[in-house]
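Asks: Shown below is the structure under consideration.
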Amino acid sequence: MTALHQLSLSEIRDGLAAGKFSAREIVAAYLDRIEQMDGALNSFITVTADAALAAADASDQRIANGDARALEGLPIAHKDIFCTEGVRTTCGSRMLEGFIPPYSATVVNQLAGAGAIVLGKTNMDEFAMGSSNETSYFGDVHNPWRHTLSPGGSSGGSAAAVSSRLVAAATGTDTGGSIRQPAALTGLTGLKPTYGRVSRYGMIAFASSLDQAGTLTRSARDAAMLLSAMSGFDPNDSTSIDQPVDDFEGMLATPLNGVRIGVVEEFMGDGLDDENRRCVEAALAELQKLGAEIKPISLPNIGLSVPTYYVVAPAECSSNLSRFDGIRFGHRADDPEDLYDLYCRSRSEGFGAEVKRRIMTGTYVLSAGYYDAYYLKAQKVRRLINADFSRAFEEVDLIAGPTTPTPAFALGEKTDDPITMYLNDIYTIGANLAGLPAMSLPCGFVEGLPVGLQLVAPAFAEGRMLACAHHYQTETDWHARCPEGYE
Amino acid sequence: MSVSSDDIDKLATLARLRFEKDEHADFTDKLGSIVAFVDQLQSVDTDDVAPMAHPLDQSQRLRADTADPNIEREQLQSTTSSVEDGLYLVPKVIE
């Protein structure tokens, strides 16, 4: 029999239903692996072993009673950006090192309500600001494919944990590529849904017009299972959109015949590693073989997406993070001289360098005299980028291209120059600016390191995109490869 | 647009941050390179383009500003140690 930790979510679901193993056995097997292997990866900040085992027993009881819910007994982990009632939630920051939320995020409640079992909270770039997981206060996360490399970020802990089979699936958040880029660099299927599809309530805010919760899984099927449970209108999130929740797993079988896939010309040129390009082109040829129609498209303003993002995101970040005042929650400086000193020292001690840089950038672009030149300008360019996608989707059903310019890079390689780090998200940021669903799926290897294919769909067309990914994964096995040492 | 050391001081005050001497130069330098990078937006023609605040062009829903009896103050204030009789404690602000 396949080792328990190699089973996908859907295989665990089927095995539990058939009585091949219990939820307790699955959860205990994963907890053992975390204990033995996570020392080298640092993918978890908090492990909730006792609660997970108790939940597993409750799931086994429900299964025995014929009362199993959609995700009954399935082991997952949450990025440590989602508030979990009674369980420390750090957001990768010293600011929240001791923060125990009095409530849970809607996503956490939805997945628990569907029967999923949480093994713990995963490491991440501080406040989700980073592309390498090196800005975490809790230390770097190592890529399971090669420990000297970064797993990407900001959902780097979730990516490393799922890729190394320390947990079957994990949540993440994606503001500029923070699910798709780590998924690409660790050989996973990473899904960012449409803006507003999944509630942001209880998900610690970075850039509110861009942030969206999603999943890191080993297949499109697993992503579809989780997405159906996570989606839906939430009155507690003022940007939640009231749309019917599709049966995403049921939609996987939708044929690929005649689906028009546009390849972004601007993404396939200079800046893309030749070997990455070769993998992406081979994947496109495979999709064509499966019945899709491949055609070139142009997004003329997409080259402006990174500078646009680095005005909009820091502006929203500086506003959102003003809530950390040292008074109501989070780090509080000792012996303040006065209120101003309490604010300044609590924030300066609590935040790391990259977070401070983004707060400062945001304060700059919003300050008197610069607002029109930067923030308003970026919002206008955002509309141009958005319009490019709308025009493209008049011609095609999906958009495809690379997720990242290169495979995983070394820890420490890009930390001195913020711009070099920011440019790692050059292919992913557009979907956030336009609010579109997008995903990365494994499409090959370069020198033993995974490469990601990115798909982008029109708003609320996750089902079509997941079906395309699923057909590709039925014909290929890149997504099923496991890093050496973690088999 | 270049960023000066004085700009950093002004922004830090607005953002309620404080930088040590050895950090100051690094922040000036890196913020300068970020501003230079985003400056490429200035050359884009955006006449007649309306700014976009929401990616799907929707407006935010508002709710009535009413007290929610289900929120427990004690539980909500459990996230800080500086609370007395339901009030948050801060350094004296009025002499």
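Asks: Which residues, taken from the range A:333-349, are touching a Leu at 6+ places or on another chain (Cβ under 8 Å) and either at the interface with chain B (Cβ under 7 Å from one of its Cβ atoms) or outside any loop (DSSP other than H, G, I, E, B) (or both)? Steps first, please.
Replies: Taking the range A:333-349 and keeping what is touching a Leu at 6+ places or on another chain (Cβ under 8 Å), we get A:333, A:336, A:344, A:347-348.
A:P336, A:C344, A:R347, A:S348, listed by residue number.
Asks: Moving on. Does the range A:283-295 include one or more residues that are surrounded by 17 or more Cβ atoms within 10 Å (Cβ to Cβ), within 28 Å of A:T415 (Cα to Cα) and under 28 Å from the mean Cα position of the chain (by Cα)?
Replies: No: zero hits.
Asks: Out of the range A:232-254, which residues are under 24 Å from A:D222 (Cβ atoms), touching a helix residue (DSSP H, G or I) at 6+ places or on another chain (Cβ under 9 Å) and surrounded by fewer than 17 Cβ atoms within 10 Å (Cβ to Cβ)?
Replies: A:V245, A:D247, A:G250, A:A253, A:T254 - these are the residues of the range A:232-254 that are under 24 Å from A:D222 (Cβ atoms), touching a helix residue (DSSP H, G or I) at 6+ places or on another chain (Cβ under 9 Å) and surrounded by fewer than 17 Cβ atoms within 10 Å (Cβ to Cβ).
Asks: Follow-up. From the list A:D140, A:D174, pick out the single residue that is at pLDDT 95 or above, within 18 Å of A:L41 (Cβ to Cβ) and among the charged types (D, E, K, R). If you could, list the steps in order and put the result at the bottom.
Replies: On the way: A:D174 fails: within 18 Å of A:L41 (Cβ to Cβ).
Result of the check over A:D140, A:D174: A:D140.
Asks: Does A:R382 meet the test of being touching a Leu at 6+ places or on another chain (Cβ under 7 Å), buried (at least 20 other Cβ atoms within 10 Å of the Cβ), within 14 Å of chain B (Cβ to nearest Cβ) and in a helix (DSSP H, G or I)?
Replies: Values: touching a Leu at 6+ places or on another chain (Cβ under 7 Å): yes; buried (at least 20 other Cβ atoms within 10 Å of the Cβ): yes; within 14 Å of chain B (Cβ to nearest Cβ): yes; in a helix (DSSP H, G or I): yes.
Yes.
Asks: Filter the range A:142-160 for residues that are surrounded by fewer than 24 Cβ atoms within 10 Å (Cβ to Cβ) and of a type in the set (S, T, N, Q) and give the result. Even if it seems obvious, please write down each step before you answer.
Replies: Residues of the range A:142-160 surrounded by fewer than 24 Cβ atoms within 10 Å (Cβ to Cβ): A:142, A:146-149.
Across the range A:142-160, the qualifying residue is only A:T148.
Asks: Can you run down the residue pairs with Cβ atoms below 7 Å, 6 or more apart or on separate chains, where the first is in the range A:217-241 and more than 14 Å from chain B (Cβ to nearest Cβ) and under 19 Å from A:A105 (Cα atoms) and the partner is of a type in the set (F, W, Y) and buried (at least 24 other Cβ atoms within 10 Å of the Cβ)?
Replies: Short answer, once both residue conditions are applied: A:L227/A:F248; A:S228/A:F248.
Asks: Look at the range A:205-248 and say how many of its residues are of a type outside the set (A, V, I, L, M) and within 30 Å of A:R481 (Cα to Cα). Please lay out each step first, then the result.
Replies: To start, the set of residues in the range A:205-248 that are of a type outside the set (A, V, I, L, M) comprises A:206, A:208-209, A:211-212, A:214-215, A:217-219, A:221-222, A:228, A:231-240, A:242-244, A:246-248.
From what is left, the residues that are within 30 Å of A:R481 (Cα to Cα) are A:211-212, A:214-215, A:217-219, A:221-222, A:228, A:231, A:246-248.
Result for the range A:205-248: 14.
Quick grid of which residues meet (1) more than 8 Å from chain A (Cβ to nearest Cβ); (2) closer than 27 Å to A:M95 by Cβ:
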site: B:R16; (1), (2): no, yes
site: B:D48; (1), (2): yes, no
site: B:R61; (1), (2): no, no
site: B:I71; (1), (2): yes, yes
site: B:T80; (1), (2): no, yes
site: B:V83; (1), (2): yes, yes
site: B:L87; (1), (2): yes, yes
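Asks: Output the number of the condition that A:I359 fails; it satisfies all remaining conditions of (1) more than 7 Å from chain B (Cβ to nearest Cβ); (2) under 26 Å from B:T28 (Cβ atoms); (3) not charged (D, E, K, R).
Replies: (1)
Asks: Report, by residue number, each residue of the range A:28-64 that is surrounded by fewer than 19 Cβ atoms within 10 Å (Cβ to Cβ) and among the small types (G, A, S).
Replies: Across the range A:28-64, the qualifying residues are A:A28, A:A29, A:G39, A:A40, A:A49, A:A51, A:A54, A:A58, A:A64.
Asks: In the range A:431-440, how many residues are within 11 Å of another protein chain (Cβ to nearest Cβ) and either farther than 9 Å from A:G177 by Cα or not in a helix (DSSP H, G or I) (or both)? Break it down into steps so the answer makes sense when it comes.
Replies: If we filter the range A:431-440 for residues that are within 11 Å of another protein chain (Cβ to nearest Cβ), which is where we start, we get A:431-436.
Subset that is either farther than 9 Å from A:G177 by Cα or not in a helix (DSSP H, G or I) (or both): A:433-436.
So the answer is 4.
Asks: Kindly indicate whether any position in the range A:96-104 is in contact (Cβ under 8 Å) with a residue 60 or more places away in the chain, of a type outside the set (S, T, N, Q) and buried (at least 24 other Cβ atoms within 10 Å of the Cβ).
Replies: Yes.
Asks: Kindly provide the set of residues from the range A:357-400 that are at positive phi and either in contact with a strand residue (DSSP E or B) (Cβ under 6 Å, 6 or more places away or on another chain) or not small (G, A, S) (or both), ordered by number. Even if it seems obvious, please write down each step before you answer.
Replies: The first filter runs over the range A:357-400 and keeps only residues at positive phi, leaving A:369.
Residues satisfying the conditions do not exist here.
Asks: Shifting gears a bit: Could you identify the single residue in A:D38, A:D60, A:D32 that is of a type in the set (D, E), part of a helix (DSSP H, G or I), under 23 Å from A:Q6 (Cβ atoms) and in contact (Cβ under 8 Å) with a residue 40 or more places away in the chain? Break it down stepwise before answering.
Replies: Details: A:D60 fails: in contact (Cβ under 8 Å) with a residue 40 or more places away in the chain; A:D32 fails: in contact (Cβ under 8 Å) with a residue 40 or more places away in the chain.
Going through A:D38, A:D60, A:D32 in turn, just one is of a type in the set (D, E), part of a helix (DSSP H, G or I), under 23 Å from A:Q6 (Cβ atoms) and in contact (Cβ under 8 Å) with a residue 40 or more places away in the chain: A:D38.
Asks: Under 6 Å by Cβ, and 6 or more places apart or on different chains, what pairs join a residue from the range B:43-54 that is within 10 Å of A:K380 (Cβ to Cβ) with one that is of a type in the set (A, V, I, L, M)?
Replies: From the range B:43-54, the pairs are B:V44/A:V381; B:P51/A:L376.
Asks: Sticking with this structure for a sec: Quick check on the range A:296-313. Is at least one of its residues touching a strand residue (DSSP E or B) at 6+ places or on another chain (Cβ under 6 Å), away from chain B (no Cβ under 11 Å) and surrounded by fewer than 21 Cβ atoms within 10 Å (Cβ to Cβ)?
Replies: Quick first cut of the range A:296-313, residues touching a strand residue (DSSP E or B) at 6+ places or on another chain (Cβ under 6 Å) only: A:296-297, A:299.
Adding the requirement that they be away from chain B (no Cβ under 11 Å) leaves A:296-297, A:299.
Pick out the ones that are also surrounded by fewer than 21 Cβ atoms within 10 Å (Cβ to Cβ) and you get A:296.
Taking every residue of the range A:296-313 in turn, at least one turns out to be touching a strand residue (DSSP E or B) at 6+ places or on another chain (Cβ under 6 Å), away from chain B (no Cβ under 11 Å) and surrounded by fewer than 21 Cβ atoms within 10 Å (Cβ to Cβ).
Asks: Restricting the search to the range A:401-422, which residues are in contact with a helix residue (DSSP H, G or I) (Cβ under 6 Å, 6 or more places away or on another chain) and more than 24 Å from A:N42 (Cα to Cα)?
Replies: A:G401, A:P402, A:T403, A:I419 - these are the residues of the range A:401-422 that are in contact with a helix residue (DSSP H, G or I) (Cβ under 6 Å, 6 or more places away or on another chain) and more than 24 Å from A:N42 (Cα to Cα).
Asks: Given the criterion among the acidic types (D, E) and either within 28 Å of B:P91 (Cβ to Cβ) or facing another protein chain (nearest Cβ under 10 Å) (or both), identify the matching residue among A:E394, A:E354.
Replies: Working: A:E394 fails: either within 28 Å of B:P91 (Cβ to Cβ) or facing another protein chain (nearest Cβ under 10 Å) (or both).
Selected residue: A:E354, the only one of A:E394, A:E354 that is among the acidic types (D, E) and either within 28 Å of B:P91 (Cβ to Cβ) or facing another protein chain (nearest Cβ under 10 Å) (or both).
Asks: Residues to consider are A:F393, A:F389, A:F351; find the one that is buried (at least 22 other Cβ atoms within 10 Å of the Cβ) and closer than 30 Å to A:C279 by Cβ. Walk me through it before giving the result.
Replies: Values: A:F393 fails: buried (at least 22 other Cβ atoms within 10 Å of the Cβ); A:F351 fails: closer than 30 Å to A:C279 by Cβ.
None of the other options fit; the residue is A:F389.
Asks: In addition: Please find, among B:P55, B:P69, the residue that is under 24 Å from the mean Cα position of the chain (by Cα) and either assigned to a loop (DSSP other than H, G, I, E, B) or surrounded by 10 or more Cβ atoms within 10 Å (Cβ to Cβ) (or both). Walk me through how you get there before you give the answer.
Replies: Details: B:P69 fails: under 24 Å from the mean Cα position of the chain (by Cα).
Criteria check complete, one pass: B:P55.
Asks: From A:Y364, A:Y375, A:Y427, grab the single residue that is more than 9 Å from chain B (Cβ to nearest Cβ), among the aromatic types (F, W, Y) and either in a helix (DSSP H, G or I) or buried (at least 21 other Cβ atoms within 10 Å of the Cβ) (or both).
Replies: Numbers: A:Y364 fails: more than 9 Å from chain B (Cβ to nearest Cβ); A:Y375 fails: more than 9 Å from chain B (Cβ to nearest Cβ).
After applying the criteria, what remains is A:Y427.
The values are calculated or read from the model by the stated rules, or taken from the named source; none is laboratory data. Just so it is clear, the model here is predicted, and its values are computed rather than measured. Glycine also receives a Cβ, built like all others from the backbone with ideal geometry; neighbour counts cover every protein chain displayed.
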